[in-house]
Structure formats: C-alpha cells, structure tokens
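Inspection log for the structure reproduced underneath, given as structure tokens.
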C-alpha cells in the first residue's frame, strides 16, 4: 500500500517535470533556480529520452504493479514484490547516478529531482520491508 | 499478505486524496499563464551591449544606412515589417544600396513588446533573428492581446527549428533585458518620438514611411550606380 501511494506521488512529480519540458507549465516552481539549470542541461536526457519521461513511465509501472499486487489472490505470492524490488532498485541506482551528476557535473540541485530520489528510495525500502515476510516464511518452512 | 477490509478502506481513501490533490496541482500549473518576465528599466551593464550595434541586414559597404527604432507590438511597425520591408529588401538591401539596422524601442504601453524583443534576441543566439522577427510581426494579432504570449513565442521558436531547451534557458534568464533597455535608451537620447522611426544619418523620420518614400530617400542620398557592387545580404 505504501508503495502504491509513494508511486502515485512520484508519478505526479515526474509528470510536472515532463510537462515543463513540453513547455506546458512555464517556469518551474523551484526556489533556488537550480531546477531550470538541471532540466535544461544535456543531462536531462538519456539516449535522447527525457529523464522525466523515464521517471513518469517508471512510477506508472510501479503503481500498476503495486495496485495489482493488492489483489487477495496474489497476497501470498512473492513474484510481484520481487518485481517491485527489482524495479525500485534500478530506480534507486538511476537516482544515485542523476544526483551525482547534479552535485559533481552540473553543480546545481533540482529540488524536484531530490524529491523523486527520496520517493524512489522510500519505495525501495518499503518493498524490502514487505519482502521480509516471504523470507521469514521460507525460514519457518 | 491479505489486508483487512478496514485497512483497505483506509488505503483507498488515502489514495483518492493523494490522487485528487496531485491532479488538482497539475491542473493548477497547467492553467497558469506560462509567463516569462523581462524586467523594465534595468541598469545597463557594459557587457550587455559589447559588440552589439543592432540587428543588421545588408552589405557593410552599402552607401546608405537606415536604423529603424521599432516595437514588436506596434501595429504600424507590423505594417512596415510585413508590407514595406519585402520591397525594401528586394530593391535596396539585396542590391547593395542600403544597410538596414533594427533597434528595439519597446513602448511602455505595450505589455508584450519587451518579451517579443527578447524572444527575437534569443533566436539570434541560434542565428534565427530575422525569421523570428518576421514571425513575431506576422503573428502580432495572435499574441498582442493574449495572456500567454510566452507560450506563443515558444511555439514560434519550435516551428523555426530552434533548440527549444536553449531558447527556454535564454528566455527565463532574461539575459538580453539590458541590451533591449540600451537600445531603448539610445532611441530616447536621439529623440525617437514614436514607432516606427527611421534614422538616416542624424535625421529622424517617423510616421507611416512606406517603401516608395524610402526608395526616394535612398535615391536622393545615393543615386543608382553609387551602390556597392557586392551585397552580402543574408537572412
């Protein structure tokens, strides 16, 4: 449940940043000005794809899986949780890469990107905590 | 883990609240006019005008130079740019008889003229000043009364093939506010009374100067034959 809620928040953050890149929302509400610097840098794209779009699709996928895994018939199956762990782990690794770019290459911090990094980390931690119930069952068995 | 019904109900309520708040926030930012502010009466720094003498069309060897002080939101400037300028270009600029210099003179009563001037300056960064100049004047009726001129200008930048991210960065930084102010201050010093005003030598010609009048003026100042042979006009 926490994963679904956090994914929904992350999805809105990514959607806001992507709408900015599409020119639909004017200047970003940021406070420091670092958001514009980061979002307009060449690092805001990976292989020609907007990072915010990658985030949007990633959070949408996490949200879909998290909601799907809430079905009672799937509650005892570890598959969805493992899939969430893999996706969120990849998201955390990507966020570490992006945050290091902000700190050491771009020299500007985008608060929305930091928010997203915190959200994906929280999702990963929530998934890991949830996955412990399967591990404990294996031990008991 | 099969969640109890009460817990699921709490989750659904929380989920709905987050969804409504998030969608509301997105709807709010989408509904805001995406404005960029170009400050007025900024203190002009030496770097603002370094190497800049206006936007120039025509050969450096042309015997006559006209400087136009114009405002993108001024209807007479629009008529001049769209109706008279093509003839002037064909008959005077491309033939090497005239060098044309454009200077911004954004009138205080026109809320979008500085923004338009800045959009053109940002297009100049990508060597598209004159296409943007023409597009701004052609579209004046579309943006003049609009609450969202920023987005319209951005659309022009996109349609002209500019790197939109670089254009956005230029616009949000308002880096040419000082340059625009410097051109305006220059016009004030010369005594520009209205727009468009043409300056030839030290004489000012304001009002509805058409291409015929400019042809006659250039003829009187530099009769045919006195023009430079090589015209390096380019847009």
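The values are calculated or read from the model by the stated rules, or taken from the named source; none is laboratory data. Keep in mind that what you see is a predicted model, and the values were worked out from it rather than measured. Virtual Cβ from ideal backbone geometry, glycine too; neighbours counted across all protein chains shown.
Annotations
- Residue list for the range A:68-89, filter: surrounded by fewer than 16 Cβ atoms within 10 Å (Cβ to Cβ) and touching a residue at least 12 places away in the same chain (Cβ under 8 Å): A:68, A:82, A:89
- Among the residues listed as B:184, B:167, the single one being under 14 Å from the mean Cα position of the chain (by Cα), within 14 Å of chain A (Cβ to nearest Cβ) and closer than 25 Å to residue B:85 by Cβ: B:167
This table checks each residue for (1) part of a helix (DSSP H, G or I); (2) more than 30 Å from residue B:184 (Cα to Cα).
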position: B:8; (1), (2): yes, yes
position: B:11; (1), (2): yes, yes
position: B:85; (1), (2): yes, no
position: B:99; (1), (2): no, no
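- Cβ pairs under 7 Å, 6+ apart, first in the range B:26-50 and more than 14 Å from chain A (Cβ to nearest Cβ) and in a helix (DSSP H, G or I), second surrounded by 10 or more Cβ atoms within 10 Å (Cβ to Cβ) and at pLDDT 80 or above: B:48/B:178; B:48/B:179; B:48/B:182; B:49/B:179; B:49/B:182
- For the range B:64-78, the count of residues that are touching a residue at least 12 places away in the same chain (Cβ under 8 Å), within 14 Å of chain A (Cβ to nearest Cβ) and either assigned to a helix (DSSP H, G or I) or in contact with a helix residue (DSSP H, G or I) (Cβ under 6 Å, 6 or more places away or on another chain) (or both) is zero.
- Subset of the range B:178-229 (residues that are more than 25 Å from residue B:61 (Cβ to Cβ) and assigned to a helix (DSSP H, G or I)): B:178, B:179, B:180, B:181, B:182, B:184, B:185, B:187, B:188, B:189
- Condition broken by residue B:162, with the remaining ones in (1) free of Cβ contacts under 8 Å to residues at least 60 places away in the same chain; (2) within 14 Å of chain A (Cβ to nearest Cβ); (3) surrounded by fewer than 16 Cβ atoms within 10 Å (Cβ to Cβ); (4) not in a helix (DSSP H, G or I) satisfied: (3)
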